[in-house]
Each structure stands twice: as structure tokens, then as C-alpha cells.
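Engineer: Please see the structure below; I have some questions.
The values are calculated or read from the model by the stated rules, or taken from the named source; none is laboratory data. Keep in mind that this is a model prediction, so the values were computed, not measured. Note that we place each Cβ from the backbone using ideal geometry, even for glycine, and neighbour counts take in every protein chain shown. Areas reflect the complete protein model, heavy atoms only, side chains present, ligands, DNA and RNA absent. Shrake-Rupley method; radii C 1.70, N 1.55, O 1.52, S 1.80 Å.
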Amino acid sequence: MFTKSKKILLLYFIFFHCAVFAKESEKKDQNEYLIEVPKVYKQKLDTAAKHLKEAIKLRKNNLKRSLAELEKGIAADELLIHLQFEKVTTLIDLHRYEDALKNMDTYFIKHPTSPYEKRLKLLYESTICNHAETLLSSAAKKGISKKLKTAAFNCLTAIGWKNWDQKDDLILSVFKRLKEVNDPIWKNFLSEANQAMSPKTKTRTFFVTNISKAELDILANPARYGSVPRLNTFQAESVQPDIDRFKVALKLFSQENYKAAKKELSSLIDEYPTHELKDSFLYWSARCEEALGETDTAKSTFLSLYQDNPLSAYGVFSLIRLGEYSKPYKEQSIQEQPLEISNTLEATPIISHITSLWALDTLLRFNLLDHARAEAEFLFRSRPGGYAFGSADPSESLKIAKTFQKTGYHLGAFSYAYSAVSLKPDLLNEEVLKIFFVSPDEMQKSFLNAENETNIPKELLHSIAKQESAFDPQALSRANAIGIMQLLLSTAQDLSRSLTFNDLLTSDINIKTGSKYFHKLLQRFDGNIAHALSGYNAGPTRTSRWISDFETEYGKGFIQQPDFFIEIIPYKETKGYVSSILRNYFWYLFLNEGYPKISLEELNQKWQKQKNNQQEAQTKK
């Protein structure tokens, strides 16, 4: 028999050895994590992926069986971020809108940083409205249930006033029911609908014909807050004297007073050595030196700008102005690194990162590329405590960039490759450039077809797609721009009325439509690529107004110079957009054709020149 003290000693001995064994196992597991997915996780991940793949396969022909496969995958308790998203979309396709909405609510709670967030929010808008319309179609002829009223109001809140006209029948029916039962809110509903909807809608027409003018005048007069008086800024001091002085320097440059412009720019460089516009100051100072015949000094500045940041717009503009180059990177290629995730890590990832890497590995093995891209986005956006996975080491960053490129998540690939080159500039070579300026194989045919149809070089179309969406077919912006070329549905429908939201999520249709729209802008702006790009980003009407104003202030000749035009664009976003795409265009041409020995002005007019050459050739025939 064991005494009490011996039992305690034995338990302590067992506990101690279990702890040591657990620690050794944990150490072994951590090493295995960096080599391959541990068996205990691999089995569950593979099960989940198998059901996900089968569900996708069944989706076209048998939605109920597809849903059953998703439920089996969810039971494996892995890849939930993907399986539960697919479950929501399948429930919508089955017209089970109430169930879909419940699952969406749960999804947003469980996965607040989901890569499907934007798509789900758009799906929520359509689903809540479909739910309201389904409830309305099955409701009694009179009266209104709390469920219907809640669904209708949720729908209208989700879509916003600008889309209320599209729900004319729903709004009119709900209004009639509210008024029939004398619901206290009917008057408020009338007031809001009167503001939100256009006069030609059925709802507004019903108001006019069924409610007395006196009552309607009262109800249609909304409560508004008084306007805030504007501050008198007369003779107020500038809050950004550095920017104002830079504008003065550009004005002097446009007047060809290069000496005075250089003096102002030199002063800005001395006074603001770490200014965010330092590269701008340096570039235009070199342009002044160039114009003054100070060639050696100008070349030195241009070379420094390129060498400091060859991937920036000013770096490329400087490279073009130098015009004396062999290949602007080291000839030797970096050692080829395997793309398998399992053997690319030297550090130990945190839990959310390692589980995401395992999921990514699984999705790639099962060829679930759309979901792998979404998982890569999730990994990229997952930064607990501000910790960005793998970005502290240049070689590791480059390995991750390649992995992201394999999944098709190019935005992450760009970011990690940029991090690698920033930390270790001599990594830049043709292989790395092809990560930054990628031409996705699966989209090549679409871009070539668009080039043949519009005569816009595929390199320029790639440049736009890279900047707009990083080649993500599912990209959705805050302004509801859609797909690879980031088109608004209204803009696309101006070119083809039959196009739908889902059409624009199809790569081929999106590229074709975006190319047609850009071709239209090139024609409007006389082939000036920088002007057309500004129109694509900020709108053609606004760009035309800018050009008119700029020509008055600076002269027509300077507005035709792409670098000068970019510098004076009032919108920071548009300025960065146009300059980045011209940078992209240069590098795409470089990778496809070799170093393009043309001026920046010639690069900017390349489409127009090609068009003129083709017209001349046809005339000779």
C-alpha cells in the first residue's frame, strides 16, 4: 500500500515527466510546423478541403447536395472562413434568404477580418431586399407584420437613398400598408421617400394623387439642421507654406524662369530635408539644372533619385531622362527558392499565421485557387499587435512574395517584394521585377484580345489593372468599383446596357469593358495617356476642367508634359495613380521589349503614335 506521502511523490513524478514530454513534443512540433503541416491538422484540413471542392463541383447542378457537402466540411472544424462563406452563398442561391441572413450575422461575428467581407456586405444588401420582397409576396393583402416592416426598413437602410428608386414597388406597397393600419411611422416614411426618390417614380406619383397638397406640403418639408456659418478666411496665413512655395517654383518653371525656380527648390530642399515631397523637390531641381545646361549636376540628381528608389515614379522618370542605360539591375539571378510554404520559414510564426499557412498549403494542394487567394489575403491582413508576418527579413519577405504570387494574391506579393527590396536593394533583378510587374497567365488571352480590339498596348492595360485591383477579379472598392479594371456598374452599362454586377466579376468581360472605356478616354484626350488616366480615376469632366484651368495658368505646352501635368493635379490620389501607372508602363515595356529608349513625352503619346502609324499604313495600301 502507498502511504499518502508516497502517492503525492508518485503523482509529482508522473506530472513532472509528462510536462517534460509535453515540452519536448511541443519543441518537436514547432520544428515540424516549419517543414510540413502536422498530421493531426493535415487530416482535418484535407477532409475540409475535400468537402469544399466537392461542394463547388456540385454547385452548378445540385445546390442541396452542395450544401450538404459544405455542412460535412464545417464539421471538420477547419477552413471555416471559406466553408461558411460558401454556405451563405449557397443558401442565397436556394432562395433561403432568412437562413442566409442568420448565417451572415454569425459569420461577421466569428470572422471580423474575413477576406470575403466586401462581397458579403454587397450580398447582404441584395439578400435583405430579396427577403423583404419574398415576405411581401407571401403576406396577406392588407396590414403589415413586424417581420415584413423590419425587413423592408433594413433593406432600404442597407441600399441607401441613391438606390431607393430601384425598390419603387416595395416602397409603395410598404407605404400603403403602413397607412392602412395607421402606423405612426407612415408620415415619417413618406417624408423620407419624398426626399430620396425621383418625381417620376410610382411612389411619388401616388403621394401627389392620393394625399392633399396641403398635407403633402407639410409632410414633405423635412426637419433640417441649420447650416454652419463659414469662417472668414480673408487674409488668413497659409497653413502649408512649403506647398505654396513649391507651387511658386512650378509656376516659375512654366514661365521658363529656371534660375529662380531652382533657387526656390534648393531652399525647400535645405529647409525640409525629410519632407514627404523631397523627391519632387529634387526632381524638379534637376529639371531646372537640365534646362540651364548644368548637365552633370542634373544627371547626378537623376541618378541618385533612381538608385534610391528605382520602383518609384520619380525613380523611373529620372531613369528615362538620363537615357543612358544598360540593364538597371544586377545581371545575376537570385537563387531559386521553392514555392512550397512548408520549408520557407526560419522564424516561428504566431498561431493565426501558422494556421493560415497550413490552410494555404491545403487549398493549393487541392487546387482551390480562388479560396487560396482569399486565404493569402487573410494572412496578409492578419497583424495582431501590428506584427506583419515575415516582413522583417528580406529573404523571407521575398519567399512569401513568391508564395502569394502563386495563389494569385498579387497585392500581397507586391507588398512583400517591396519590403524585401527596401531592406536589401541588391535583390532587385528581372525575376523580382516580374513579381512587381506580373502578367497573370490566366488573363493573357483577355488582355491580348483587348489590345487587338482597341490598339491599346497590353503593357498599358496591365499597368492599369495592376494599379486598380492588383489583378484581383473579385476586387470591390469602397465606391463599389468592380473587378480587375475597377469599373462602376453605371460606367460599364453606358458601354453595354445588358452588363450586370456578376458580369463584371468575370475577368474577360471586365478587361474587355475597361479597355473599351479607356479607349474612349484616349480618344477624348487626343491620345494623351496621362490625361486619359486622370479621367479614368477622377472622372473625365473633372479632368477636362483641370486641363482648361491649367492651360490658362501654366500654358498649353507644359500641360502636355506628363511629369508637369501630374505634379499639378489637385487630388493626391489621382496624382499618385497617374504617376504609378506611367511607372508601371515603363517597367512592363522594359520586361517585354527591353529598355524603351524614348522620352517621357514619347511614352505618354505611344498609343497615339501607334494609331497614326497604322492609319498611314492603311492609307498607303
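Engineer: Cβ-Cβ under 7 Å, sequence separation 6+ or interchain: first residue in the stretch 277-292 and within 15 Å of Pro310 (Cα to Cα), partner of a type in the set (Lys, Arg) and in a helix (DSSP H, G or I). Which pairs?
Structural biologist: Sorted first by the residue in the stretch 277-292, then by its partner, the list stays empty.
Engineer: Go through (1) modelled with pLDDT of 85 or more; (2) open to solvent by 30 Å² or more (accessible area, probe 1.4 Å) for Leu357 and report which single condition fails.
Structural biologist: Here Leu357 meets the rest and fails (2).
Engineer: Related question: If you take the residues in the stretch 266-297 that are assigned to a helix (DSSP H, G or I), among the hydrophobic types (A, V, I, L, M, F, W, C) and farther than 17 Å from Phe317 by Cβ, which one is least open to solvent (accessible area, probe 1.4 Å)?
Structural biologist: By that ranking, first place goes to Leu268.
Engineer: Of the conditions (1) in contact with a His (Cβ under 9 Å, 6 or more places away or on another chain); (2) closer than 30 Å to Ser254 by Cβ; (3) of a type in the set (D, E, K, R), Lys466 satisfies every one except a single condition; which number is it?
Structural biologist: Every listed condition holds for Lys466 apart from (2).
Engineer: Among the residues of the stretch 465-477, are any over 27 Å from Gly576 (Cβ atoms) and of a type in the set (Gly, Ala, Ser)? Outline the logic, then answer.
Structural biologist: At the first step, the residues of the stretch 465-477 found to be over 27 Å from Gly576 (Cβ atoms) are none.
No - not one qualifying residue is present in the stretch 465-477.
Engineer: Tell me the helices (runs of 4 or more DSSP H) entirely within the stretch 1-86 that contain at least 2 residues that are open to solvent by less than 100 Å² (accessible area, probe 1.4 Å), farther than 30 Å from Lys118 by Cα and at pLDDT below 90.
Structural biologist: On the way: elements: 4-33, 39-58, 63-75.
Where helices (runs of 4 or more DSSP H) fall fully within the stretch 1-86 and carry at least 2 residues being open to solvent by less than 100 Å² (accessible area, probe 1.4 Å), farther than 30 Å from Lys118 by Cα and at pLDDT below 90, they are 4-33.
Engineer: Only residues in the stretch 355-373 that are farther than 18 Å from Gly412 by Cα and of a type in the set (Lys, Arg) count as the first member; pair them with residues that are open to solvent by 10 Å² or more (accessible area, probe 1.4 Å) and at pLDDT 95 or above, Cβ under 9 angstrom, at least 6 apart or cross-chain, and list the lot.
Structural biologist: The qualifying pairs are Arg365/Asp46.
This table checks each residue for (1) within 25 Å of Pro596 (Cβ to Cβ); (2) open to solvent by less than 40 Å² (accessible area, probe 1.4 Å).
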{"site": "Ala479", "(1), (2)": "no, no"}
{"site": "Leu488", "(1), (2)": "no, no"}
{"site": "Ser498", "(1), (2)": "no, no"}
{"site": "Gln523", "(1), (2)": "yes, no"}
{"site": "His531", "(1), (2)": "yes, yes"}
{"site": "Pro540", "(1), (2)": "no, yes"}
{"site": "Glu567", "(1), (2)": "yes, yes"}
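Engineer: Another one. Counting only residues that are touching a residue at least 24 places away in the same chain (Cβ under 8 Å) and of a type outside the set (A, V, I, L, M, F, W, C), how many does the stretch 128-157 have?
Structural biologist: 8
Engineer: Can I ask one more? Can you report the number of residues in the stretch 172-213 which are surrounded by 15 or more Cβ atoms within 10 Å (Cβ to Cβ) and under 21 Å from Leu489 (Cβ atoms)?
Structural biologist: Total satisfying the criteria: 3.
Engineer: Determine which single condition Gly527 fails, assuming it passes every other condition in (1) outside any helix (DSSP H, G or I); (2) within 26 Å of Val248 (Cα to Cα).
Structural biologist: Failing condition for Gly527: (2).
Engineer: Quick check on my filter: what residues within the stretch 416-439 are hydroxyl-bearing (Ser, Thr, Tyr) and open to solvent by less than 50 Å² (accessible area, probe 1.4 Å)?
Structural biologist: Tyr416, Ser419, Ser439
Engineer: Of all residues in the stretch 440-455, how many are in a loop (DSSP other than H, G, I, E, B) and either in contact with an Asp or Glu (Cβ under 6 Å, 6 or more places away or on another chain) or open to solvent by 40 Å² or more (accessible area, probe 1.4 Å) (or both)?
Structural biologist: Final tally of qualifying residues: 1.
Engineer: Looking only at the stretch 320-340, decide whether some residue is in a helix (DSSP H, G or I), modelled with pLDDT of 85 or more and crowded, with 19+ Cβ neighbours inside 10 Å.
Structural biologist: Taking the stretch 320-340 first, the residues in a helix (DSSP H, G or I) are 320-322.
Retained after the next criterion (residues that are modelled with pLDDT of 85 or more): 320-322.
So of that shortlist, the ones also crowded, with 19+ Cβ neighbours inside 10 Å come out as 320-321.
Yes, there is a match, as at least one residue in the stretch 320-340 is in a helix (DSSP H, G or I), modelled with pLDDT of 85 or more and crowded, with 19+ Cβ neighbours inside 10 Å.
Quick grid of which residues meet (1) among the aliphatic types (A, V, I, L, M); (2) farther than 18 Å from Lys50 by Cα; (3) open to solvent by 20 Å² or more (accessible area, probe 1.4 Å):
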{"site": "Ile351", "(1), (2), (3)": "yes, yes, yes"}
{"site": "Thr362", "(1), (2), (3)": "no, no, no"}
{"site": "Asn367", "(1), (2), (3)": "no, no, yes"}
{"site": "Ala372", "(1), (2), (3)": "yes, no, no"}
{"site": "Glu375", "(1), (2), (3)": "no, no, no"}
{"site": "Leu379", "(1), (2), (3)": "yes, yes, no"}
{"site": "Ser382", "(1), (2), (3)": "no, yes, no"}
{"site": "Tyr387", "(1), (2), (3)": "no, yes, yes"}
{"site": "Gly390", "(1), (2), (3)": "no, yes, no"}
